[in-house]
Amino acid sequence: MLDKDSKRGKIILAALRLAEKQGWRKTSLTDIAREAKVSLASLHNKFRSKTAILEAFIGKVDSAVLEKIKPADMETPARDRIFDVLMTRFDVLKPYKGALARIHKECRCAPPGPGTLPLACASMNSGKWMLTAAGISTRGPKGCARVSGLMCLYARVVPVWLGDDDPDLARTMAALDRELRSGERWLKRFDAIACDMARIACAFVPRRRERGRDGDGSPAEQPSAG
């Protein structure tokens, strides 16, 4: 997935190796440059922070998943399509599991920092691409709710995947299926609420149209040009 010959690929791989070996917090940009065998200036030209390195890694994972996943079969239930996309993502992430486990453990206990928002934005963008790969729209308020729901679901399954040593990932698949079924029920309730709000909004439309009428309901007379 990562290009070992390019400087960007070398830097990302070096950062992940060090994260697994000594932890993400203890890893400095100088350490990463030394591990990648590039100058600090070269690293600075490619990435301005450790957070930027993780953002680039997320983007590379997205691209690898999109290349690997087959076009969505719209006759297949949406839940099954999302299941296939996320399991493909876990398959792409497998070589970096050790580093991700260390990063996840440290970030889970750490208070929000300067890198929290950029990583959250990168994750939300990743969620949009995963839903798009599954053939599910991310447009409008409902699309935003789908993306948020998917990333919350994914965040709950990731710890299970990190601790799942079974080659078949039985625990991960069971947790993902359970979360998807729960999310499906939540989305149906959200759809019902959205429909109710739409009906309430539509009920006010005729009244707004009647503002240009006289008290007896007939159109108001327009002043003549003379």
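The values are calculated or read from the model by the stated rules, or taken from the named source; none is laboratory data. Because the structure is a prediction, the values reported are computed rather than measured. Cβ sites come from the backbone with ideal geometry, for glycine too, and all protein chains shown count toward neighbours.
In the range 25-51, what residues are farther than 18 Å from GLU106 by Cα and in a loop (DSSP other than H, G, I, E, B)?
Listed by number, the residues that qualify are LYS37, VAL38, SER39, PHE47, ARG48.
For the range 96-116, name all the residues that are out of contact with any Leu (no Cβ under 9 Å at 6 or more places or on another chain) and either of a type in the set (A, V, I, L, M) or more than 30 Å from ARG185 (Cα to Cα) (or both).
Passing the criteria: ARG102, GLU106, CYS109, ALA110, PRO111, PRO112, GLY113, PRO114.
With respect to the numbered conditions (1) more than 14 Å from ALA15 (Cα to Cα); (2) part of a helix (DSSP H, G or I); (3) at pLDDT 95 or above, which one is the sole condition not fulfilled by TYR96?
(1)
Give the residue, chosen from LYS50, LYS68, LYS128, that is under 17 Å from LEU2 (Cβ atoms) and within 18 Å of the chain's Cα centre (by Cα).
The unique qualifying residue is LYS68.
Search the range 128-138 for residues being outside any helix (DSSP H, G or I) and of a type in the set (A, V, I, L, M), and hand back the single one that is farthest from ASP62 (Cα to Cα).
Filtering first and then ranking leaves ILE136.
So, in the range 33-49, of the ones that are in contact (Cβ under 8 Å) with a residue 24 or more places away in the chain and crowded, with 17+ Cβ neighbours inside 10 Å, which residue ends up nearest to ALA120 (Cα to Cα)?
Out of the qualifying residues, it is PHE47.
Pick from the range 139-164 the residues that are at pLDDT 95 or above and not in a helix (DSSP H, G or I): which of them is nearest to THR88 (Cα to Cα)?
ASP164
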